[in-house]
Amino acid sequence: MDAGAVAAALDDARFDARQDSRHEDLADDVRGPAELAEWERIAQLLADAAPGTVYDPDADDVVRAELAAEAAAAAAREAELREAARIAVRADELQALRELGTLEQTEPRTGDEAARDELTRRAGGYVQADVDAWLAHALAAHLGHYRDSAAREAAAGLLTPPVLAHAALLAELAHLVPGVDVGQLAFAARLATTEPEAAGALAVFLARLRP
């Protein structure tokens with residue numbers, strides 16, 4: 001667009017703005033003022049440029065920045081959708097394992113904390129005790145992705161206090177009584193569920209007893 005075309009577009013935008021100002025129902029419409037401001041910006045660009053310069057949106061840094069931001073936002077939304085789909089699939093897998101009675105023999109994967117949250121959401125917010133116990137045991141025993149210390153550290157911000165307290169207590173009890181069967185430690189889950197702070201404090205106390 002040359003300066004004449006931009007000036008005409010600016011005049012049209014100003015006319016539309018005056019017309020809109022006469023209608024109360026359009027007082028909160030931000031599209032008109034935004035369009036006017038954009039034409040004013042473009043007109044100023046040409047006014048500051050050499051005579052005969054035409055407006056090229058492909059060379060406009062503001063337009064390019066907006067397009068880049070829109071592309072980044074679209075990519076982020078796509079990534080969120082893919083992650084949500086992945087979590088839903090993994091939650092389905094964990095549910096199937098529960099129904100088969102083989103969840104306890106399954107090693108957790110990266111992202112299973114989110115799958116746990118999805119299962120809890122599907123249950124209307126009710127705690128999924130078996131899933132929590134599975135994750136607590138895996139965290140305590142460093143199974144699956146919890147073999148990685150970074151994953152164990154990240155779990156502190158991904159799992160609930162009862163699950164973390166349960167895991168800490170299991171780990172210390174395993175040190176205290178090597179080879180103990182997990183089934184003998186069911187009381188740890190009950191304590192961590194009802195009194196997570198007390199369970200965590202007990203785990204810290206037991207850690208002090210290590211040789």
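This table checks each residue for (1) outside any helix (DSSP H, G or I); (2) of a type outside the set (Val, Ile, Thr); (3) over 30 Å from residue 115 (Cα atoms).
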| site | (1), (2), (3) |
| --- | --- |
| 5 | no, yes, yes |
| 14 | no, yes, yes |
| 29 | yes, yes, yes |
| 36 | no, yes, yes |
| 45 | no, yes, yes |
| 69 | no, yes, yes |
| 75 | no, yes, no |
| 89 | no, no, no |
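Under 8 Å between Cβ atoms, at least 6 apart or on separate chains: pull out the pairs that start in the range 101-116 with a residue that is more than 17 Å from residue 183 (Cβ to Cβ) and end on any residue that is part of a loop (DSSP other than H, G, I, E, B) and at pLDDT below 95.
116/128
Say we look at the range 161-211 and pick out the residues that are outside any helix (DSSP H, G or I) and of a type outside the set (A, V, I, L, M, F, W, C); which of these is surrounded by the most Cβ atoms within 10 Å (Cβ to Cβ)?
If we take residues in the range 161-211 being outside any helix (DSSP H, G or I) and of a type outside the set (A, V, I, L, M, F, W, C), then 195 is surrounded by the most Cβ atoms within 10 Å (Cβ to Cβ).
Search the range 53-67 for residues being among the hydrophobic types (A, V, I, L, M, F, W, C) and part of a helix (DSSP H, G or I), and hand back the single one that is nearest to residue 116 (Cα to Cα).
Top of the filtered list is 67.
For the structure I just gave you, tell me whether residue 172 is acidic (Asp, Glu), in contact (Cβ under 8 Å) with a residue 24 or more places away in the chain and more than 30 Å from residue 83 (Cα to Cα). Spell out how you get there, then give the answer.
Numbers: acidic (Asp, Glu): yes; in contact (Cβ under 8 Å) with a residue 24 or more places away in the chain: yes; more than 30 Å from residue 83 (Cα to Cα): yes.
Answer is yes for this residue.
State the number of residues belonging to the range 67-90 that are of a type in the set (A, V, I, L, M) and under 19 Å from residue 111 (Cβ atoms).
Count: 8.
Enumerate the pairs (first residue in the range 2-25 and modelled with pLDDT of 80 or more and surrounded by 11 or more Cβ atoms within 10 Å (Cβ to Cβ); second residue anywhere and in a helix (DSSP H, G or I) and of a type in the set (Lys, Arg)) with beta-carbon separation below 8 Å, excluding pairs fewer than 6 apart on the same chain, so at least 6 apart or on different chains.
Cβ pairs passing all conditions: none.
Of everything in the range 39-62, what is within 21 Å of residue 12 (Cα to Cα) and under 35 Å from the mean Cα position of the chain (by Cα)? Give them in sequence order.
Once the filter is applied, which keeps residues that are within 21 Å of residue 12 (Cα to Cα) and under 35 Å from the mean Cα position of the chain (by Cα), the range 39-62 yields only 57.
The values are calculated or read from the model by the stated rules, or taken from the named source; none is laboratory data. Predicted model, so just to flag it, every value in this text is computed and none were measured. Here the Cβ is made from the backbone with ideal geometry for all residues, glycine too, and neighbour counts use every protein chain on show.
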